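*Asks:* The structure under discussion is supplied below as structure tokens; questions concerning it will follow.
The values are calculated or read from the model by the stated rules, or taken from the named source; none is laboratory data. As the structure is a prediction and not an experimental result, all values here were calculated from the model. Neighbour counts run over all protein chains shown; Cβ positions are idealised from the backbone, glycine included.
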Amino acid sequence: MAKPIRSVARASSILDYLADRPEAKLSELSAHLNISKTTLFGIAETLCQQGFAYKNPISSGYSIGPKLITYGQPLSNDQLTRLVHPYLQVVANEFHEAIFLTVLQDQRVHYIAKVDADLPPKMGEVTNTTSDSFLYNTAAGKTLLSTFLPAELTVYLDQLEQTGKLTETEVRKLNRELIKIRQANLAYDLGEQAPNVNCVSVGIRNYRHEVLASMAVVLIDETDPTDKLHALAARMQTISTALETRLV
């Protein structure tokens with residue numbers, strides 16, 4: 001095994017640190033990476049010159065540069081569908097249920113794929129349905145809604161109340177539920193749309209634990225769906241964890 005080149009290893013450690021802690025100052029980098037400020041300055045400035053890092057001219061803090069951001073640009077819906085389709089097919093076949101792939105688009109749930117059970121390993125049926133009414137009262141929608149920034153979520157919840165879609169009490173209840181969904185990466189819809197319809201959804205996250213999409217299974221006319229919903233949730237969370245290292 002070749003001996004690591006120290007300067008390259010140090011540059012890599014700087015970028016790893018900046019990926020999680022933007023606007024880091026030279027003194028902070030030096031303390032956490034145990035590299036002298038003089039050495040750090042030379043490496044950091046070189047990274048900036050090459051576009052891999054960025055130095056704020058006002059704060060002098062360092063962040064990930066535009067070149068790395070370009071390399072890690074978000075997947076298109078088609079790319080995402082192709083990547084996760086084999087995983088969704090496993091769930092569909094194992095539980096003999098269709099599974100949906102959804103993304104957030106203009107504050108709406110956008111269904112980009114439906115994978116049916118027991119089909120050969122090819123692309124599932126692709127749908128193009130969008131509806132903002134599904135964002136707050138379905139499992140898939142609530143998974144995506146839980147990704148909203150606080151200010152954005154406040155505006156959305158206020159709109160639900162002002163338009164009469166939810167009462168003030170229901171808005172507060174939904175807000176509390178979204179906190180739990182965000183923490184667990186798991187959402188349920190237990191008859192919220194119709195008494196005979198139950199749904200479970202898990203977020204598909206990237207390596208930074210950011211939710212890119214949701215996968216959801218809908219159970220209709222199940223006599224006692226509790227055990228199956230919990231089993232689906234566990235399987236889908238396992239898949240979500242496996243996908244994290246593959247998604248940017």
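Rundown of residues vs (1) of a type in the set (A, V, I, L, M); (2) surrounded by fewer than 12 Cβ atoms within 10 Å (Cβ to Cβ); (3) under 16 Å from residue 104 (Cα atoms); (4) free of Cβ contacts under 8 Å to residues at least 40 places away in the same chain, yes/no style:
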| site | (1), (2), (3), (4) |
| --- | --- |
| 139 | yes, no, yes, no |
| 179 | yes, yes, no, yes |
| 183 | no, yes, no, yes |
| 200 | yes, no, no, no |
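*Asks:* Condition first: in a helix (DSSP H, G or I) and either at positive phi or polar (S, T, N, Q) (or both). Now tell me which residues in the range 135-180 satisfy that.
*Replies:* Those that are in a helix (DSSP H, G or I) and either at positive phi or polar (S, T, N, Q) (or both): 143, 154, 159, 162, 169, 175.
*Asks:* Right, something else. If the requirement is being in the same structural domain as residue 105 (by TED's automatic domain parsing), exposed (fewer than 13 other Cβ atoms within 10 Å of the Cβ) and modelled with pLDDT of 95 or more, which of these qualifies: 143, 169, 163?
*Replies:* 169
*Asks:* Could you tell me whether the range 188-196 includes any residue that is surrounded by 13 or more Cβ atoms within 10 Å (Cβ to Cβ), out of contact with any Pro (no Cβ under 7 Å at 6 or more places or on another chain), at pLDDT below 90 and in the same structural domain as residue 212 (by TED's automatic domain parsing)?
*Replies:* Taking every residue of the range 188-196 in turn, at least one turns out to be surrounded by 13 or more Cβ atoms within 10 Å (Cβ to Cβ), out of contact with any Pro (no Cβ under 7 Å at 6 or more places or on another chain), at pLDDT below 90 and in the same structural domain as residue 212 (by TED's automatic domain parsing).
*Asks:* Only one residue in 19, 53, 11 is under 18 Å from residue 207 (Cα atoms) and either surrounded by 14 or more Cβ atoms within 10 Å (Cβ to Cβ) or among the acidic types (Asp, Glu) (or both), so which one is that?
*Replies:* Criteria check complete, one pass: 19.
*Asks:* Among the residues of the range 229-248, how many are charged (D, E, K, R) and within 16 Å of residue 187 (Cβ to Cβ)?
*Replies:* 1
*Asks:* Also, quick follow-up: Of the residues that make up the range 206-226, is at least one in a loop (DSSP other than H, G, I, E, B), within 13 Å of the chain's Cα centre (by Cα), assigned by TED's automatic domain parsing to the domain that holds residue 186 and at positive phi?
*Replies:* Checked the range 206-226: at least one residue is in a loop (DSSP other than H, G, I, E, B), within 13 Å of the chain's Cα centre (by Cα), assigned by TED's automatic domain parsing to the domain that holds residue 186 and at positive phi.
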